[in-house]
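Scroll down for the structure; my scribbles are underneath it.
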Amino acid sequence: MADKDYSSTDDQALVGAARQGDTRAFEELVARHRDKIYARAFSMLRNEQEAIDLSQEAWVKGWQRLNQFQGESSFGTWMTRIVINLCLDELRRQKRQRTDSMEAIEEESGGVERQMPILEVNPTAGLERTELRQRIDRAMSQLSHEHRTVLVLHEFEEMEYKQIAKTMECSIGTVMSRLFYARRKLAALLTDLKKESSKQ
Amino acid sequence: MNYEAQLKLQSFLDGELPENDAREVAAWIARDKQAAGLLAELRHTREAVTGYEEGIRLPESREFYWSKIQREIDRARPATAPAAPAFSLWAYLRRLAVPATALALIAIAGLVANRGVHGGGAVGVTEISVSDTEALTYRDFSADTTLVWLSYPADNEVAQNTPSDTLP
């Protein structure tokens, strides 16, 4: 029997079919949202292989919890929350394994971002999209995972401070402080990268 | 500018301030160049990262990526109990074949015996043994009656020595 063509079926109907055990319908959902789910994992983990593995784990969890999907948000948003939670668990696990965390030292010493001079020129002005993305890629990799996570949840997931605090199990003050640091550090890194590339 | 003021500026940018506070901060930015500069920097950074994820693509083919997910899904599925065999007409007919064959042979034997003695006045007696079935046919031409005596299966040895699933 030929496989059913799901390419024109909407997400809601695919979820319904997948709940009945139709893995072809679920495969179509994976195909539609895989880039977004992988991108979120990569933004948070900064490691290609880890992001692939974790995003696949998120899909398996999604399949197992399909009955919990109420349709209050879109299926893509629901899946994104699953992958974010898995990434947070993974980052916590990695942090526990690090005995001498540079991030902890950096955060404890604190205050660097408060004294940084204000950058009057937009470091990304005039850049092409690809180049801009490459620079942000490099700058993001230099942030600690706590700062990066707050930035990802706020800028990409569009969470409010309160939601981020709940997700990361910290205070709203910590969220504000980490977000401020992440933005200022990112601005400084992007400026440095601009200087580097103009020297070459 | 103190740290609290810096964070307030950021909250203003993110729309996290109550209306009254937001109005105050807007007025402050209008008269303070440094505050306006910091706000511009924070806004540039926010704009720079917007759309960053949209350019990220999964570095694996659809089939390869899906294959691992499918494997994990299949592994997590509970083992299904073997289903009860569905009704099969063929199996049903096969079960009927032995007694039906026996009965058919008996009927044929009856006919053969009938022909062999046709026209005579004597009583014809024929005995046929088929497998575990025994049958005796009596034909009384004077009375124009045929009697078939079946000893299938209860009277024979096989039936007595094996558990029977035949009709009584």
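Computed from the coordinates by the stated procedures, all read-outs in this text should not be read as laboratory data. Not measured: the values here are computed from a predicted model. For neighbour counting, all protein chains shown are included, and Cβ atoms are generated from backbone atoms with ideal geometry for every residue, glycine included.
For the pair B:ASP14 and B:GLN34, what calculated FRET efficiency results from E = 1/(1 + (r/R0)^6), where r is the Cβ-Cβ distance and R0 = 22 Å, to the nearest 0.05? Could you put the intermediate results ahead of the total?
Working: r = 19 Å, r/R0 = 0.88.
After rounding, the FRET efficiency stands at 0.70.
Normalised by the number of residues in chain A, the mean separation of alpha-carbon contacts (under 8 Å, six or more apart) gives a relative contact order of 18 percent. Summarising the amide proton neighbourhood of B:VAL148: residues at separation of 5 or more, or on other chains, whose placed amide H is nearer than 5 Å comprise B:TYR138. With only Cα atoms counted, region B:1-77 has Rg and Dmax values of 22.4, 65 Å.
Across region A:27-38, computed HN-Hα scalar couplings (Karplus, 6.51 cos²θ - 1.76 cosθ + 1.60, θ = phi - 60°) run 4, 5, 5, 4, 4, 6, 10, 4, 4, 5, 5, 5 Hz from first to last residue, x flagging Gly and Pro.
Among the listed pairs A:LYS4/B:LYS68; A:LYS95/A:LYS166; A:LYS61/A:LYS185; A:LYS61/B:LYS68, those with a Cα-Cα distance over 23 Å are A:LYS61/A:LYS185.
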